[in-house]
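Just so you know, all these numbers are worked out from the coordinates, no wet-lab data involved. Because the structure is predicted, anything quoted here is derived from the model rather than measured. Positions of Cβ are backbone-derived with ideal geometry, glycine not excepted, and every protein chain shown enters the neighbour counts.
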Amino acid sequence: MTYRGQVKNGMVILEGAPMLPDGTVVRVEPESQTPRDGGQSIFDHLEELAGTVKGLPSDLARNHDHYLHGHPRR
């Protein structure tokens, strides 16, 4: 079941005031990836870093398990 709501004063207020029992575990996911203030999202910041690291092996994407965990190269 999915509920909608808004954050007010640091608390999530659910629409329709559903009665969930105390102790119910929930997961909250923002609907928008972009901050309301018009600033950059975390994804925009990370995209700016893409391709900026120098000196990495040319086959890192294909063989990252080799470099991280010692698995055989592909």
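For the residue pair R73 and F43, what label-to-label distance in nm results when each label sits 7 Å from Cα along the Cα-to-beta-carbon direction?
If labels sit at R73 and F43, their model points lie 3.5 nm apart.
Where the Cα atoms of the chain are projected onto their three principal axes, how long is each span, largest first, in whole Å?
Result for the chain: principal-axis Cα extents of 54, 32, 18 Å.
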